Structures are given as structure tokens and as C-alpha cells.
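These notes concern the structure reproduced below.
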Amino acid sequence: MVSCPSSNTEVVDQGDFWNSGNSNWDAHRIGWAVAGGCAALTLIISSISVYQHCRNYNKPREQRQILRVLYMPPVYAIISFLSYRYFRSYTYYSLVESAYEAITLSAFLLLLIEYVATTATGHDALKAMERKDKRRLPIPFCCWRYRPTKAYFMYTVKWSVLQYVIIRPACSIAGIICEALNVLCESAGWNINYANVYLEVIDFISISVALYGLILFYGLTKDELVGRRPLSKFLAIKLIVMFTFYQSFLFSALEGSVIKATEYWTATNIADGLTALATCIEMVFFSAFMMWAYTVNEYKVVGTPRTGIGRPLLDSINYKDFAIEILGSLKFFVDYVRGKPSTRSAPRAEGEFVNVEERMDFGQAFGMEDTTYSRQPKPVTEGTGDGDVHRHSFPTVYTALFSHVPLSLHCYPLV
């Protein structure tokens, strides 16, 4: 790879926002003030929403994921403000900003799983789930059909999203290293002589797989998610990604024709600054939208003491659950390739039941191990420090959900 030409001018504007006690209100500094003000307002709105969830932390397994999603607007706003202020290092900030998208999408998937689990504990979804027979995959793979009762299918759906938690940060780290070595060259577009094109292709494939997995899971469980605003919650995340992507593409396309270089800033500097400024403004509206989509009202329990904010905040930045899900999925696929019997569906005799009195793994949940079945799953107690919250593990939930599915379905292939 060849060295990338600099996207910055040699002449540096040494002026400060305040000069001799008077504000220097040129266009750049007006944008600086607007970006900072919007970032501060976004932080205030998001902090209110986060505080409300922390004080009503009655369903930790759900609200842990919600807090991670609520961090998205302030993270984007603060990083965008810094990338506007320190525009010569814009690429580094944008790579860090993109990495948080992976955390948000994965948190959203785990939140949907918890929603389905909550529905299943009351057996409200049994009739709907027993009709979930072999069906077509979403576009563009609608020529193939899948059977959702297969264990490897659910592992694949989870892994399709969780892989982005690994690949997107890895691409950001690789991008930062390449930028430091001056071989990334985002301004070169799709020039194969620079690293940017290869990282963009990897990222595009990874996020496409993640989004497809989310759409597939939502389509499978949308009846169980009624009343939880799943579409609004998803749009609150995806619209942020879409807006930042398309406006960056638009401003980049205008470089040289509409956007002209100045003494201190290149056309690329100006395009990057406009992207950052627009992002700061948009995050104000998205933070308010998220406050509505991820409302705290459904977690307020009359007569329940308010919880402290310490543990919820620590839970939200503890990504141990991500690691457990990723490693568990990898282990399953390794065992599946090695042909271990526990990963294969086995025929079950008529009237044979599965016992879910204890926490079960996916093999038991999908009828791949011999156990006895009980229709009322035993809740697992999770302490919150202010009272215990009952929950059901995801494998246990799917045992209950698919308990009415004909047992012979476990023997059908994926396609």
C-alpha cells in the first residue's frame, strides 16, 4: 500500500474561540458553539432517561440492555463534537464512534430475547408459537425455508448479530492503526491501494449479516412482542446509523464541487465538519425519541422502593453477558462440526416430556437430551439489592414455547 496524501492543510488556524475577551464569531466557531450546545442537550435528555431506569431497575436483564441502547445518542453526540472541534483527527473519532453501534445492535437482540422470555412465562404465546412451522427466510433468501425449532437455527440467529461485536471494533482498531501509518485514506474512496476499501467491505458484510439476523428474529417473534414497541426501538437505533452514513456520503460527494477548500480547511475537513455538526443536532431528537421508545413507565411498580443508580450503571458497562453468549455459540458450532450427539436433534417418544425445573441448556430446551417436562417453568430469582426479580432463562423459555410443537418437527432439516 502507498502512503495517503494528507487531508489537512499545512496552514493551521491558531485562533481560539475567545480572542482578547471578544468572541470570534466566524462560521467555524458558530458551528462549534451549536455542536457543543446540542451535545450538552443530548447528554441532559439521555441522562434523565438513564436515571429514571436506574431508579426503577426492577427487571435487570431487560434494563441492562436498555441502558446500553440509551447511551448511543450521547456517545455519538460527544464524539461528533470532539471530531468537529479537533477536525484534523476526525478519522480517529469516527472509528471509535462506529464501534459503539455493534454494542447497541447486540444489546437490542438480547433485549428482544428477554421480551420473548417475559411473554412466555405467562404462556400467552403458546398458541402462536405452536403454529410456527417451516417458513421462508426473509428477502433476499426467500427461496429457502427454515424450521425455527432447530437448536442450531437459534444459535445461528444469535451469532449472526453477536459477531458484529467482534468484527466492528476489530475494524475500528485496524482503521486506527492504518490511519496512524497513513495507509487508511478514507478520502480516496474505493481505491484498492489503500486499506479503507478492505475494511469497508468487511464492515458492510458483517453489519448486513447482523441486520438480517435481527429482522429474522423479529419476524419470528413479532406476535410475542406486541405492546413492547419493538419497531420503534429498532428504528431509534437504525435511523441513527442511517442518518450518519448517508449524510457522510452526501457531504463527501459534494467535495470539490459545492464544498470548496479554504486557507485553513480542505474540502474534506469541511465535509467532515458538516457531518459532525449534523450528527450533534440530530442526536437531540434521537435522545428524545429513545426516551419515548424505551419508556421507563413499564418498569415502574407501585409500592416498590426506588433502586440505587450504582449497580444499574455497573451492570450496563459489564459486558460479561456478551462474552458468555459469544463463547457459548462458538462452542456449540465447534461441537456441531465435530458431530457431538448433544448438538443433533434426536427422535422423542410419544408422550415423553422435558423437565425444566432447573436451568437448561439449548440441547435440553430443544429436545436433544432425555428429561421430563413440567408445564410450569420454575422461575429463577435474581437479586437487585432492593428486592428479588423473577426471570426465566432463554433456553427454558423456548422449551415452554415449543412444548406444543409436534415432536416430529425436531427431525426435519433446516431447508
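The values are calculated or read from the model by the stated rules, or taken from the named source; none is laboratory data. Because the structure is a prediction, the values reported are computed rather than measured. Here Cβ is always computed from backbone atoms with ideal geometry, including for glycine, and neighbour counts include all displayed protein chains. Only protein heavy atoms, including side chains, enter the accessible area calculation; ligands, DNA and RNA are left aside. Shrake-Rupley method; radii C 1.70, N 1.55, O 1.52, S 1.80 Å.
Below are the figures for this structure:
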quantity	calculated
Verdict on Leu250 being under 21 Å from Thr104 (Cβ atoms) and open to solvent by 80 Å² or more (accessible area, probe 1.4 Å)	no
Lone qualifier among Ala117, Ala77 - being among the aliphatic types (A, V, I, L, M) and modelled with pLDDT under 90	Ala117
Selected residue (only one of Thr266, Thr275, Thr295 is out of contact with any Phe, Trp or Tyr (no Cβ under 8 Å at 6 or more places or on another chain), over 27 Å from Cys54 (Cβ atoms) and hydroxyl-bearing (Ser, Thr, Tyr))	Thr266
Criterion: modelled with pLDDT under 75, more than 27 Å from Leu162 (Cα to Cα) and open to solvent by 80 Å² or more (accessible area, probe 1.4 Å) - qualifying residue of Pro347, Pro341	Pro347
In region 168-189, residue nearest to Ala102 (Cα to Cα) [restricted to those that are out of contact with any Phe, Trp or Tyr (no Cβ under 9 Å at 6 or more places or on another chain) and assigned to a loop (DSSP other than H, G, I, E, B)]	Gly189
Matching residues, region 190-213, being open to solvent by less than 30 Å² (accessible area, probe 1.4 Å) and part of a loop (DSSP other than H, G, I, E, B)	Tyr194, Ala195
Flag if Phe243 is open to solvent by 20 Å² or more (accessible area, probe 1.4 Å), touching a Phe, Trp or Tyr at 6+ places or on another chain (Cβ under 9 Å) and not acidic (Asp, Glu)	yes
Check on Met283, modelled with pLDDT of 80 or more, of a type in the set (A, V, I, L, M) and open to solvent by 40 Å² or more (accessible area, probe 1.4 Å)	no
Members of region 214-228 found to be among the aromatic types (Phe, Trp, Tyr) and surrounded by fewer than 18 Cβ atoms within 10 Å (Cβ to Cβ), listed by number	Tyr218
Qualifying positions in region 305-316 - open to solvent by 50 Å² or more (accessible area, probe 1.4 Å) and touching a residue at least 60 places away in the same chain (Cβ under 8 Å)	Pro305, Arg306, Ile309, Arg311, Leu313
Checking Thr279 against (1) in a loop (DSSP other than H, G, I, E, B); (2) on the phi < 0 side of the Ramachandran plot; (3) not hydrophobic (A, V, I, L, M, F, W, C), the condition it does not meet	(1)
